[in-house]
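The values are calculated or read from the model by the stated rules, or taken from the named source; none is laboratory data. This is a predicted model, so every value here is computed, not measured. Cβ coordinates were reconstructed from backbone atoms using ideal geometry, including for glycine residues, and neighbour counts include every protein chain displayed.
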Amino acid sequence: MVTAIYPRAYAIPLVVVVTLAGCVYLSPEAERVRVVHESAEVSGCATLGPVSRTDPTWSFTYQSWKSNENALRADTAALGGDTLLIRQERFSAAEGPRTVGEAYRCAR
């Protein structure tokens, strides 16, 4: 007897795997990193250096951009920063979703 494989039986697990593939675990330090998009919000802060990330899944989804942002928050925290300035978000056919920013330490 041959049993049929029902595509719907794989739909929910597939959605869960695809959704979780873009997740980045954030440490408590990275969770505290504030994300800003305007240079004025980091005036008076100490610049720690540039940070950038390209999503390895090479997809053009919200999850890819969020994964990049979370990775940059972790990078900012690792540099001792508390604020991340996102300077550029772009999609390249050669690289996929790329986010470029700068890490800052601000007195709050």
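Here are the numbers for the structure shown:
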{"quantity": "Segment 81-108, residues that are of a type in the set (A, V, I, L, M, F, W, C) and outside any strand (DSSP E or B)", "calculated": "Ala93, Ala94, Cys106, Ala107"}
{"quantity": "Positions within segment 87-108 being crowded, with 18+ Cβ neighbours inside 10 Å and closer than 25 Å to Gly44 by Cβ, in sequence order", "calculated": "Thr99, Gly101, Glu102, Ala103, Tyr104"}
{"quantity": "Those residues of segment 79-108 which are without any contact (Cβ under 8 Å) to a residue 40 or more places away in the chain and aliphatic (A, V, I, L, M), in sequence order", "calculated": "Leu79, Ala93, Ala94"}
{"quantity": "Residue check for Glu29: surrounded by fewer than 20 Cβ atoms within 10 Å (Cβ to Cβ) and at pLDDT 90 or above", "calculated": "yes"}
{"quantity": "Qualifying residues in segment 52-62 (those that are at pLDDT below 85 and in contact with a helix residue (DSSP H, G or I) (Cβ under 7 Å, 6 or more places away or on another chain)) - the one nearest to Pro97 (Cα to Cα)", "calculated": "Asp55"}
